[in-house]
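The values are calculated or read from the model by the stated rules, or taken from the named source; none is laboratory data. Just so we're clear, the structure is a prediction, and the values are computed from it rather than from any experiment. Glycine gets a Cβ as well: all are built from the backbone with ideal geometry, and neighbour counts include every protein chain shown.
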Amino acid sequence: MASTNLLTYYFLGDRSAKTFAALVFPDMDRAVVVHDRYQNYDSFPGLIHQLCCAHLIRDLKDAAQTYPRAHWPIQIRQALQGLIHAANTARAQGLAAVPGQTAAPLIHAFRHGAILGLGHIKRVDGRKQEPCRDLLECLRDREHDILRFAHDLRIPPTSNQAERDLRPAKTQQKISGRLRSEQATRHRYAIPGYLSTAAKHGINVMAALRDAITGNPWMPPIPDPP
């Protein structure tokens, strides 16, 4: 699915590069996409990435359990959580970015934690890496894609919006135990996508459903060009 604070779109497909190319990325050149570290997101040029900090925080909690005596997972996690809190505060104040004097020590702690971790877990040539080495290399090499939200408050730090929008569909799938035909499933998910989008615009869901059934469906406004 693809989701913003004003739009919800469900589509059918697997997590293959073919599905991503056909359904996820058309007309998204220079768009900011908030996502987890799944490799297919990095296979298409032109996207601007924001790695989901909620996923990273969960990975860091797992790292703290894997290496209970190490401080770096806690330090990086606290730095990320501090930046998210600072971003929420700055956004509420109408600012465009987290103020530098607030962001600087948190970003320093983030970087220093990654350096500590990389020094603790060495890269090994010729075989599978130790647990969390790939995570630490991501934290080091993709800092801009992780902390982009702190420099542009229009960008959310997590993909929680999409997770929330997807949860009812996944719950229904688990309860029913299966999906029906592809055609029926496409129709089924068109309905919650329409209703979710209407609700995000403050439209009464029952009114939107009635209008759609009677042939006068509500349509979201077309945004002004950038």
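Within segment 81-99, being without any contact (Cβ under 8 Å) to a residue 60 or more places away in the chain and surrounded by 18 or more Cβ atoms within 10 Å (Cβ to Cβ) holds for Gly82, Val98.
Filtering segment 135-181 to residues that are at pLDDT below 80, within 28 Å of Leu6 (Cα to Cα) and either part of a helix (DSSP H, G or I) or in contact with a strand residue (DSSP E or B) (Cβ under 6 Å, 6 or more places away or on another chain) (or both) leaves Arg167, Pro168, Ala169, Lys170, Thr171, Gln172, Gln173, Lys174, Ile175.
In this entry, Arg111 is excluded by the filter for residues that are of a type in the set (D, E, K, R), touching a Gly at 6+ places or on another chain (Cβ under 9 Å), within 22 Å of Thr66 (Cβ to Cβ) and surrounded by 15 or more Cβ atoms within 10 Å (Cβ to Cβ).
Residues of segment 124-153 that are touching a residue at least 12 places away in the same chain (Cβ under 8 Å) and of a type outside the set (A, V, I, L, M, F, W, C): Pro131, Arg133, Glu137, Arg140, Arg142, Glu143, Asp145, Arg148, His151, Asp152. One residue stands out in segment 36-51 among those that are among the aromatic types (Phe, Trp, Tyr) and outside any helix (DSSP H, G or I): the one that is modelled with the lowest pLDDT, namely Phe44.
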